[in-house]
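One structure below.
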Amino acid sequence: MKAQLTLHKEFAIGETDKRIYGSFIEHLGRAVYNGIYEPGHPRADDKGFRKDVIKLVQEMGVPVVRYPGGNFVSGYNWEDGIGPAEKRPMQLDLAWHTKESNKIGLNEFAEWCRLADTELMYAVNLGTRGADAARNIVEYANFPKGSYWSDLRISHGVKEPHNIKLWCLGNEMDGPWQICHRNATEYGRAALEAAKVMKWTDSSIELVACGSSNADMPTFGDWETEVLNHLYDHVEYVSLHQYFNNSDNDTPRFLASSLIMDSFIKTVAGICDLVKAKKRSKKIVNLSFDEWNVWFHSHRQDQKIERWIEARPILEDIYTMEDALVVGCILITLLKNADRVKIACLAQLVNVIAPIMTEPGGTAWRQTIFYPFMHASAFGRGTVLHCPVTCDKYSANDIDDVPYLESVAVHNEEKNELTIFAVNRNLGEALDLEAGLYGFEGYRFIEHISMSNADLKAVNSAQGEVVQPVTLPPGKQDAGQRLEARLPTASWNVLRLKK
Ligand code: AHR
């Protein structure tokens, strides 16, 4: 099968915001306890943080991490996680039917973020709590000194403020499963009052309003419109969440998931602009796709896991080669929408629907989905280019016109690098790609990284990484304006050019 791609240096979609390579750590399962934090582990530091996990997070390149939830946050009292560790209460977490010891709270997690070279994005509780708790945590975290909450932080040994820039106004408040779920008007009002006092406490912060929990929610569309009617002038972003699955074992349809994501993004951007027009506003509200991933492998086994124990090993999906292809297509989709998506979080980071897994007392290892994310974060920063593609398309169940080639290019002018990311969705054939380059004189094809496996259900494990990228010889390139590459059957590819 053949495909053509055209790139022109001047045909730009927009600049990438590095925060699209964000992730998420929730107090859920073994993400925090027995994940990033395992005192007594041979590779733990003096605070109990696993250095091997931090190393993998750095290798992945994760500039921002959302915390502490997720559904967890809607029942969380942030004050339980500050002050002397031995005095912190053991609480029941009603979201995940777990016991929460509160050994890790804001200060410890902020310290972990510093060690992992990442920025903290904090979600406040707008379920059981409201504006008062929200303004207090902004004061505790960000106010320098000389007020009740800032001085309390200092008395806890944290002299410098954390200066958390990004704050989420609750989590998935449209979902009936949420602790203290609200309708759009109730949420819009409550979030508005929280937003006001949070920004009055620290005017430098940025806020994310809760959008829909997924594009299939019955309230999708109406929810965003109503919420933004209240919040438009007070927030910088609206959130989107979406998880994909192959429960029906329909791989062509599964690989087309990113088309659903693309349409979700474009619709939410349209709603933001509708409210902008209604308000005669000049301000643009952008998008924070702050939960996305593949999630379905663990659903059945999680039913059997005992409740009300600490760090119950739930949501431990083991990812296949085909999951990595979907993750690759999603990363390409986020890039293609770089003009509106400024933040995105792969949910989650460690042990819970995660690219990084840990064995208690043992090793930390990379799932299949680790690799496309790592490549995108490493090489996908700069100017995203429009990439018109000519190739065959297929129909997959309810989705028509699925191109066999999913592709985007990013030009990093500072580094003189041009990278083409490409997924071959064809399950039976390699794809011969021909790319026409315009305005890239002097750029040479230096590397073709590719990941594929004859078995689409192949997985990695603590025993070994069966699915890993390999370097293929770069394809042909004539006087610089045309290059060729063969993309293996069902593969993720990174084509790198450099001047
Ligand atoms: O990431 C797992 C859960 O998915 C989060 O807690 C919630 O926000 C979403 O429903």
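The values are calculated or read from the model by the stated rules, or taken from the named source; none is laboratory data. Values in this document were obtained by computation on a predicted structure and should not be read as measured data. Here the Cβ is made from the backbone with ideal geometry for all residues, glycine too, and neighbour counts use every protein chain on show. All accessible areas refer to the heavy atoms of the entire protein, side chains included, with ligands and DNA or RNA removed. Shrake-Rupley method; radii C 1.70, N 1.55, O 1.52, S 1.80 Å.
It is to be established whether one or more residues within segment 367-389 are part of a helix (DSSP H, G or I) and closer than 24 Å to Glu10 by Cβ. Looking for residues that are part of a helix (DSSP H, G or I) and closer than 24 Å to Glu10 by Cβ, one finds at least one in segment 367-389, hence yes. Scanning segment 86-141 for residues that are open to solvent by 60 Å² or more (accessible area, probe 1.4 Å) and in a helix (DSSP H, G or I) yields a count of 6.
List pairs: first residue in segment 1-29 and closer than 25 Å to Asn286 by Cβ, second residue away from the ligand (no atom under 16 Å from the Cβ) and among the polar types (S, T, N, Q) anywhere in the structure, Cβ distance under 6 angstrom, at least six positions apart or on different chains. Correct list of pairs: Ala12/Thr383; Glu15/Thr383; Tyr21/Ser377. Considering segment 70-85, the residues that are farther than 13 Å from Glu100 by Cα and part of a loop (DSSP other than H, G, I, E, B) include one that is farthest from the ligand (Cβ to nearest atom), namely Pro84.
For (1) within 16 Å of the ligand (Cβ to nearest atom); (2) over 24 Å from Asn293 (Cβ atoms); (3) of a type in the set (Asp, Glu), each residue gets a yes or a no:
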site	(1), (2), (3)
Lys18	no, no, no
Ser23	yes, no, no
Glu26	yes, no, yes
Pro39	no, yes, no
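The set of residues in segment 248-297 being assigned to a loop (DSSP other than H, G, I, E, B), open to solvent by 10 Å² or more (accessible area, probe 1.4 Å) and either away from the ligand (no atom under 16 Å from the Cβ) or without any contact (Cβ under 8 Å) to a residue 40 or more places away in the chain (or both) consists of Asp248, Asn249, Asp250, Lys279, Arg280, Ser281, Lys282, Lys283, Ile284, His297.
Per the conditions (1) assigned to a strand (DSSP E or B); (2) at pLDDT 95 or above; (3) crowded, with 19+ Cβ neighbours inside 10 Å, the sole criterion not satisfied by Phe445 is (2). Of the residues examined, Lys47 is one that is away from the ligand (no atom under 16 Å from the Cβ) and in a loop (DSSP other than H, G, I, E, B). Considering only residues of segment 157-199 that are at positive phi and within 16 Å of the ligand (Cβ to nearest atom), which is nearest to the chain's Cα centre (by Cα)? Only one residue tops the list, namely Glu172. One residue alone among Glu172, Glu160, Glu193, Glu206 is modelled with pLDDT of 95 or more, open to solvent by less than 30 Å² (accessible area, probe 1.4 Å) and among the charged types (D, E, K, R), and that residue is Glu172. Residue selection: Thr185 satisfies the criterion of being closer than 22 Å to Ile271 by Cα, touching a residue at least 24 places away in the same chain (Cβ under 8 Å) and open to solvent by 60 Å² or more (accessible area, probe 1.4 Å).
Gly105 falls short of the stated requirement of being within 14 Å of the ligand (Cβ to nearest atom), over 25 Å from Arg340 (Cβ atoms), among the small types (Gly, Ala, Ser) and at pLDDT 95 or above.
Scanning segment 391-442 for residues that are surrounded by fewer than 20 Cβ atoms within 10 Å (Cβ to Cβ), on the phi < 0 side of the Ramachandran plot and small (Gly, Ala, Ser) yields Ser395, Ala396, Gly428, Ala430, Gly436.
Taking the criterion of being surrounded by fewer than 23 Cβ atoms within 10 Å (Cβ to Cβ), not in a helix (DSSP H, G or I) and not β-branched (Val, Ile, Thr), the residues of segment 8-32 that qualify are His8, Lys9, Glu10, Phe11, Ala12, Gly14, Glu15, Asp17. Figure legend. Inter-residue proximity from segment 394-407: first residues over 16 Å from Lys2 (Cα atoms), second residues open to solvent by less than 10 Å² (accessible area, probe 1.4 Å), beta-carbon distance below 6 Å, spacing 6+ or different chains. Indicated pairs: Ala396/Ala256; Ala396/Val402; Ile399/Ala256.
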